[in-house]
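Worksheet: the structure to be examined is printed underneath.
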Amino acid sequence: MPVIPARGAEAGRPLSELVAEALGRRVWVVHRIDAATSGLVVFALSAPEHKRLSRAFEGRAVKKTYLAAVKGSARTGSCDSPLREFGSGRVAPAPDGRPSRTSWRPLRPCDGGTLLEVTIETGRRHQIRAHLTAAGFPILGDPLYGPAPRPVGGAPRLMLHAWKLELPDGQGGTLSLEAPMLQDFRSVLGTAA
């Protein structure tokens, strides 16, 4: 589901609206993930906290770790190719793109590929999807990136999960957050519930 209101009736209600409704109060969106990506999203409960957390994300003071099941036998690697958005809505490495950096390491083989731990220093649109595809390891279930036929590897969903965040807690310490894999993600990996 989209984090903020999206175009089109099929988009449904955004997560920000559902969270505000559940809490019975206004929330501020601090960052976003693709609608097809599962996992952690941070909301602030006040304008000053929103400003503080947004600055932490913009200043790259937040460590962002994802899980990605990719096609192929991936090894530890990284990609720092600049990324540029094209008219099609896709993102790809381009010399005139915005600076971007993605690093990954394999955790274990999975059906049809490798489960990776992915960290990003920047937070560009479709960054992980574009960098892993450029490296030859498209994400399983990706309907937009990677070779045909798509979705890649026939997975029923994009196998990308916003797993962990480490961010400043505003009092000199670090707040560590983690979202466990959802059942549909684990089932594609062949992992027991």
Original post:
Extension gain Glu166-Lys63, at 0.36 nm per residue separation less the Cα-Cα distance, in nm?
Top reply: 36.6 nm
Original post:
When we measure straight from the Cα of Lys164, which lysines land under 20 angstrom away, once same-chain ones fewer than 8 places off are left out?
Top reply: Lys63, Lys64
Original post:
Quick one: Val91, Val27, Val19, fewest Cβ neighbours within 10 Å first, how do they rank?
Top reply: Val19, Val27, Val91
Subject >> Relative contact order [Cα under 8 Å, 6+ residues apart], region 9-189, whole percent >> reply: 22
**OP:** Read phi for every residue in region 21-26 and hand back ³J(HN,Hα) as whole Hz from Karplus 6.51 cos²θ - 1.76 cosθ + 1.60, θ = phi - 60°, with x for Gly and Pro.
**Re:** 5, 5, 8, x, 7, 6
Original post:
Using helices alone, what [θ] at 222 nm do you get for the chain, with -39,500 (n - 2.57) per DSSP H run of 4 or more residues, divided over all residues and rounded to the nearest 500?
Top reply: -5500 deg cm²/dmol
Subject >> Charge dipole of region 76-177 about the Cα centre (unit charges at C-beta), most positive-ward option of Trp163, Leu132, Pro143 >> reply: Pro143
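Here, each number is a calculation from the coordinates, and none is a lab measurement. If you're wondering where the values come from, they're calculated on a predicted model, not measured in any experiment. When we count neighbours, we look across all protein chains shown, and the Cβ atoms used for this are built from the backbone with ideal geometry, even at glycine.
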